[in-house]
1. With the requirement that a residue be part of a helix (DSSP H, G or I) and away from the ligand (no atom under 15 Å from the Cβ), what does the stretch 98-116 give you?
2. Could you check, for the stretch 162-181, whether at least one of its residues is touching a strand residue (DSSP E or B) at 6+ places or on another chain (Cβ under 9 Å) and either farther than 20 Å from residue 59 by Cβ or among the basic types (Lys, Arg) (or both)?
3. Are there helices (runs of 4 or more DSSP H) fully within the stretch 169-216 with at least 3 residues that are of a type outside the set (D, E, K, R) and open to solvent by less than 80 Å² (accessible area, probe 1.4 Å)? List them.
4. Can you pull out every residue in the stretch 41-54 that is open to solvent by less than 60 Å² (accessible area, probe 1.4 Å) and either under 21 Å from residue 7 (Cβ atoms) or free of Cβ contacts under 8 Å to residues at least 60 places away in the same chain (or both)?
5. Return only the number of the condition from (1) open to solvent by 60 Å² or more (accessible area, probe 1.4 Å); (2) basic (Lys, Arg); (3) touching a Gly at 6+ places or on another chain (Cβ under 6 Å); (4) within 10 Å of the ligand (Cβ to nearest atom) that residue 13 does not satisfy.
6. Please work out if residue 38 is more than 8 Å from the ligand (Cβ to nearest atom), in contact with a Ser or Thr (Cβ under 9 Å, 6 or more places away or on another chain) and open to solvent by 20 Å² or more (accessible area, probe 1.4 Å).
7. Give the number of residues within the stretch 134-160 that are exposed (fewer than 15 other Cβ atoms within 10 Å of the Cβ), within 16 Å of the ligand (Cβ to nearest atom) and touching a residue at least 40 places away in the same chain (Cβ under 8 Å).
8. For the stretch 77-99, what are the residues that are open to solvent by 30 Å² or more (accessible area, probe 1.4 Å) and either of a type in the set (A, V, I, L, M) or modelled with pLDDT under 95 (or both)?
Amino acid sequence: MRIIILGPPGSGKGTQSKFITEKYGIPQISIGNVLRKLIKLDCKLSKKLKLIINSGKLVDDDIIIKIFEKRIKKKDCSKGFLLDGFPRNIMQLKNMLNAKIYIDYVLVLSISDKTIIKRISYRQIHIPSGRVYNLKYNPPKCEGKDDITGEKLSIRKDDVKEVFYKRLLEFNKHTLPLIKHLNKNKNIYNIKYFTIDGNQSIKDINYKISNIFNEN
Ligand code: AMP
C-alpha cells in the first residue's frame, strides 16, 4: 500500500496518518516531522529551516527531495508507506515518479476554513513521534503530556494565526494545483483518487478511510 494524504494545514492529515499506519502496518513519512527534528539540532541548515518554516513558506525543493529520497530508501518502506505532506507541489511529484516511486492511493481531506481555524487554535504536538492532539476534539490523557511517552507536548510556532494564514496561501498556490493535477491524471498515473470530507469527526473520517481501503 503506497498512499499520499493531502489537504490544507490543519485538515487532520497527521491524525489520520497515525490511524492508517497503525492499522495497515506501514510507516508514516512526514517531511514536516523530519524538519521539526532537524530544527532542534544547532547547525547552519537548522537555522535556515527554522526561518523558512516559522514564516509559513515551503522549504526549497532540493532540500526536501534529498530528505525524502534518503527516507524512502529505508527498509521499512519496502512494503508500502504513507506520505503525509509530500509531495507538496507538481515538481516534487514529478521528481518522485522519475525516481520510480509509484503511488496506489491519493486521499484528499477537504475542509472549510472555519473548521481549520477552530482546530488549529487547540493543536498540540509531540515532536519526537509526530503525534498530534487537539485540546478540544482529541485531548491527551494527561494535560500537556504525550499519551505514550509522557513527554511534554508543544505548540507549533507556525500554528500562530499570522503564520498559519501564510501556510494556507502556500497550500492554495502550490498544493491545490498538485491536487488538481493528480485528479486529472489519475488514470495515467494508475492511482485511486478519493476526496474525503474533513469537517467530520476523527472517528467518522477513520471509518470512511477504512471503507475506501476495504472496497478498493
Ligand atoms: P507540515 O508538518 O507538513 O505541516 O509541514 C510544516 C512545514 O514544513 C511546512 O509549512 C513547510 O515549511 C515545511 N515542509 C514540509 N513538507 C514540505 C514539502 N513537501 N515541501 C516543502 N516544504 C515542506
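The values are calculated or read from the model by the stated rules, or taken from the named source; none is laboratory data. Just so it is clear, the model here is predicted, and its values are computed rather than measured. So basically every Cβ, Gly included, is an ideal-geometry build from the backbone, and we count neighbours across all protein chains shown. Just the protein is used for accessible areas: all its heavy atoms, side chains included, with ligands, DNA and RNA removed. Shrake-Rupley method; radii C 1.70, N 1.55, O 1.52, S 1.80 Å.
1. 98, 113, 114, 115
2. No - not one qualifying residue is present in the stretch 162-181.
3. By residue number, 176-184, 202-215.
4. Going residue by residue through the stretch 41-54, those that are open to solvent by less than 60 Å² (accessible area, probe 1.4 Å) are 43, 46, 49, 52-54.
Residues satisfying the conditions are 43, 46, 49, 52, 53.
5. Checking residue 13 against (1) open to solvent by 60 Å² or more (accessible area, probe 1.4 Å); (2) basic (Lys, Arg); (3) touching a Gly at 6+ places or on another chain (Cβ under 6 Å); (4) within 10 Å of the ligand (Cβ to nearest atom), the one that fails is (1).
6. It is true that residue 38 is more than 8 Å from the ligand (Cβ to nearest atom), in contact with a Ser or Thr (Cβ under 9 Å, 6 or more places away or on another chain) and open to solvent by 20 Å² or more (accessible area, probe 1.4 Å).
7. 1
8. Once the filter is applied, which keeps residues that are open to solvent by 30 Å² or more (accessible area, probe 1.4 Å) and either of a type in the set (A, V, I, L, M) or modelled with pLDDT under 95 (or both), the stretch 77-99 yields 78, 79, 90, 91, 97, 99.
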